[in-house]
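The values are calculated or read from the model by the stated rules, or taken from the named source; none is laboratory data. If you're wondering where the values come from, they're calculated on a predicted model, not measured in any experiment. FYI the Cβ positions are ideal-geometry reconstructions off the backbone, even for glycines, and counts take in every protein chain you see.
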Amino acid sequence: MTSIVVGEGRLAEALRARVTAEMPARVIVPPLVIEPMRVVDLTDDDIDRMWEQPMRTLISELQRAHGDGCRRIVVVVPTIGQSGGAEYAAVSATAEAARVLVKSAARQWGEVDVTVNAVAVAPEVFGIDTAITGPISIAPRALAGEVDPSDTISFLCSAAAGHVTGQTIVCDGGLWM
């Protein structure tokens with residue numbers, strides 16, 4: 001059985017080709033708006049477009065996955081939500097809000113044997129310019145550009161991962177810590 005990957009772009013396409021599941025599962029790549037913008041320059045329209053609309057879409061996709069009987073749900077986000085990024089406040093806030101939403105859904109749906117987790121990947125996978133944000137790494141050898149989260153996501157979509165829920169697994173080779 002294969003998982004259903006929801007989302008657009010290169011990351012979603014790559015995951016569609018590689019992620020598998022042995023039970024009903026959904027992998028959600030939220031429609032993040034990747035646009036550098038300083039906090040002081042954000043308008044109400046920017047906030048709606050860059051935060052509210054992607055969050056509404058994510059909530060709808062989580063509801064749809066649950067309604068479709070998925071027992072494993074994985075949301076893929078950039079690690080920038082965990083550390084923030086200069087000029088990427090809106091996407092950082094959206095990524096972090098997605099992680100909190102994952103925890104809330106996991107708590108709510110755990111009693112019906114549904115796990116919900118997040119996988120955080122390097123920002124450049126989402127098209128975020130790390131020259132602006134700068135990685136926060138203490139790893140002696142970060143594997144930038146070499147990490148494929150597909151196996152981790154496939155594991156989270158398996159029966160063996162039934163004990164893992166509400167978590168964020170970072171798959172970036174130690175680049176963002």
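Can we say Gly127 is touching a residue at least 24 places away in the same chain (Cβ under 8 Å), within 14 Å of the chain's Cα centre (by Cα), surrounded by fewer than 24 Cβ atoms within 10 Å (Cβ to Cβ) and at positive phi? In short, yes. When Tyr88 is tested against (1) within 14 Å of the chain's Cα centre (by Cα); (2) buried (at least 24 other Cβ atoms within 10 Å of the Cβ); (3) over 23 Å from Thr115 (Cα atoms), exactly one condition is not met: (1). Filtered by the rule that a residue be assigned to a strand (DSSP E or B) and closer than 18 Å to Val121 by Cβ, segment 1-14 gives Val5, Val6.
Which residue, of Glu124, Glu96, Glu146, is within 23 Å of Met37 (Cβ to Cβ), of a type in the set (Asp, Glu) and either at pLDDT 95 or above or not in a helix (DSSP H, G or I) (or both)? Please lay out each step first, then the result.
On the way: Glu124 fails: either at pLDDT 95 or above or not in a helix (DSSP H, G or I) (or both); Glu146 fails: within 23 Å of Met37 (Cβ to Cβ).
Of the residues listed, the single one that is within 23 Å of Met37 (Cβ to Cβ), of a type in the set (Asp, Glu) and either at pLDDT 95 or above or not in a helix (DSSP H, G or I) (or both) is Glu96.
Restricting attention to segment 150-177, the residues that are part of a loop (DSSP other than H, G, I, E, B), touching a helix residue (DSSP H, G or I) at 6+ places or on another chain (Cβ under 9 Å) and at pLDDT 95 or above add up to 4. Taking residues in segment 1-30 that are over 18 Å from Val116 (Cβ atoms), and partners anywhere that are part of a helix (DSSP H, G or I) and of a type in the set (Ser, Thr, Tyr), the pairs with Cβ atoms closer than 9 Å and at least 6 places apart or on different chains are Ala14/Ser150; Ala17/Ser150; Arg18/Ser150; Arg18/Ser154; Thr20/Ser150; Thr20/Ser154. Scanning segment 101-121 for residues that are part of a strand (DSSP E or B) and in contact with a helix residue (DSSP H, G or I) (Cβ under 7 Å, 6 or more places away or on another chain) yields Thr115, Val116, Asn117, Ala118, Val119, Ala120. The number of residues in segment 15-46 being surrounded by 14 or more Cβ atoms within 10 Å (Cβ to Cβ), in a helix (DSSP H, G or I) and of a type in the set (A, V, I, L, M) comes to 1. Here is a check on your reading of the model: is Val33 under 28 Å from Ala161 (Cβ atoms) and either within 16 Å of the chain's Cα centre (by Cα) or of a type outside the set (Lys, Arg) (or both)? Taking the combined requirement at face value, the residue does not satisfy it. When the residues of segment 156-165 are filtered to those that are surrounded by 17 or more Cβ atoms within 10 Å (Cβ to Cβ) and within 17 Å of the chain's Cα centre (by Cα), the one that is farthest from Thr79 (Cα to Cα) is Cys157.
Within segment 99-119, the residues that satisfy the criterion of being out of contact with any Cys (no Cβ under 7 Å at 6 or more places or on another chain) and more than 21 Å from Asp68 (Cα to Cα) are Arg99, Val100. Being β-branched (Val, Ile, Thr) and out of contact with any helix residue (DSSP H, G or I) (no Cβ under 6 Å at 6 or more places or on another chain) is true of Ile47.
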